[in-house]
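The values are calculated or read from the model by the stated rules, or taken from the named source; none is laboratory data. Computed from a prediction, not measured in an experiment: that's the story for all the values here. Positions of Cβ are generated from backbone atoms using ideal geometry, with glycine treated the same way; all protein chains shown enter the neighbour counts. Ligands, DNA and RNA are excluded from the accessible area calculation, which covers all protein heavy atoms including side chains. Shrake-Rupley method; radii C 1.70, N 1.55, O 1.52, S 1.80 Å.
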Amino acid sequence: MDRLRLDDLDRALVSALQVDARVTWGKLADVLGTSERTIARRVHRLTAPGILRIVGVASPYFAGYATPLIVRARCAAGAVPSVLGNLARRTDTLWVDLLVGGLDICFVTFAGSRESRNAFLFKELPGIDHLTDVSVYTMLHNFSDAEIWHGGHLTAEQYAALRAGVPQGEPPHGRDLSADERTLLSVLARDGRAGYGELGSAIHTSESTARRRFLGLVEERAVGFHAEIELSLLGFHAEVMLWISVRPAALDRVGRALATQPNVRFAAATTGPVNLVASVCARDLPELYDFLVGVVGALAEVDRIETTPIVRTVKRSGVLRR
């Protein structure tokens, strides 16, 4: 992996799969201006060794969860590896990052009912050894999600062509899923491009029935798809979390403004000491500086900002990093 180099087509390909992970090779070839054979060969080159992972991520509102939480905490020196490993192995964590300084940990988790949320906050979380100075932020609204981030490697026309085939808008409130639907989600969590034959075998039904049930889950936004790859392979070598305080009346406008920026992978309104959290990546430190000064600095409603570099990613989109 250290010797792997991605060219412009590779990066556009990964970005296109981030926007529509189940796009056909034919459509992808048309959008990117190459052949199906080239697309298939390059995807295999990345997915076969596990460098690129395409996974389905169940919506928390359909997976028995109700409250998405961002947790930031300090970790005692010497305990970082074990704490990171324990957090990453939890089935309810989606992201786990180590922040600058080597002692700050940030992770995203999902709490279920009010009872299970309270049990996590007041029993499980305090029971995690070596964690101190814990801050918990409830995600109130997502402005931008890594599910549709393409990092500027696609033209506006290419992005629009790919997004046309993906359900848009806010997901509705969740419902109880059937056992078969949960099985489909578990298969997609391992392989976001699992075929209808494999999905049908998993729930002991025909391909046509599996296809209909799969498309129903997609239309309801019960599942989203992520193309997970090391960001440095896409040319991004600086990644930070931004903890932003915005005047309440301008929160929606500022959040939406940030969501349009190609450097912003994720942005959400939150409760807690700050009311807007964002994950930002840049090609290098000068580009990050320009973003902080020229984009964030231009937003007059921003009262305060803290920038914490991400120094190690342990888990993303539910996928453990090697």
Yes/no for Val254 being modelled with pLDDT of 90 or more, open to solvent by less than 30 Å² (accessible area, probe 1.4 Å) and closer than 15 Å to His141 by Cβ: yes
Search result, residues across segment 110-123 that are among the acidic types (Asp, Glu) and at pLDDT 85 or above: none
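Where residues in segment 41-64 are among the hydroxyl-bearing types (Ser, Thr, Tyr) and in contact with a strand residue (DSSP E or B) (Cβ under 8 Å, 6 or more places away or on another chain), which of them is surrounded by the most Cβ atoms within 10 Å (Cβ to Cβ)?
Restricting attention to segment 41-64, the residues satisfying the condition of being among the hydroxyl-bearing types (Ser, Thr, Tyr) are 47, 59, 61.
Cutting the leftovers down to in contact with a strand residue (DSSP E or B) (Cβ under 8 Å, 6 or more places away or on another chain) gives us 47, 59.
On the way: Thr47: 17, Ser59: 19.
Residue satisfying both the conditions and the ranking: Ser59.
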Checking Thr271 against (1) under 18 Å from Val108 (Cα atoms); (2) crowded, with 16+ Cβ neighbours inside 10 Å; (3) of a type in the set (S, T, N, Q), the condition it does not meet: (2)
Residue, nearest to the chain's Cα centre (by Cα), within segment 293-322, restricted to residues that are in contact (Cβ under 8 Å) with a residue 24 or more places away in the chain and outside any strand (DSSP E or B): Ser317
Identity of the residue in segment 276-291, open to solvent by 30 Å² or more (accessible area, probe 1.4 Å) and in contact (Cβ under 8 Å) with a residue 24 or more places away in the chain, that ends up nearest to the chain's Cα centre (by Cα): Arg283
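Go through segment 286-322 and give me each residue that's hydroxyl-bearing (Ser, Thr, Tyr) and either touching a Pro at 6+ places or on another chain (Cβ under 6 Å) or within 21 Å of Asp104 (Cα to Cα) (or both). Working first, answer last.
Taking segment 286-322 first, the residues hydroxyl-bearing (Ser, Thr, Tyr) are 289, 307-308, 313, 317.
Across segment 286-322, the qualifying residues are Thr307, Thr308, Thr313, Ser317.
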Test set (1) open to solvent by 50 Å² or more (accessible area, probe 1.4 Å); (2) at pLDDT 90 or above; (3) not in a helix (DSSP H, G or I) - His141 fails condition number: (2)
Residue within segment 74-89 that is modelled with pLDDT of 85 or more, surrounded by 16 or more Cβ atoms within 10 Å (Cβ to Cβ) and touching a helix residue (DSSP H, G or I) at 6+ places or on another chain (Cβ under 9 Å) present: yes
Residue within segment 177-189 that is small (Gly, Ala, Ser), at pLDDT below 90 and surrounded by fewer than 18 Cβ atoms within 10 Å (Cβ to Cβ) present: no
Out of Thr38, Thr67, Thr34, sole residue that is open to solvent by 10 Å² or more (accessible area, probe 1.4 Å), farther than 22 Å from Arg321 by Cα and under 22 Å from the mean Cα position of the chain (by Cα): Thr67
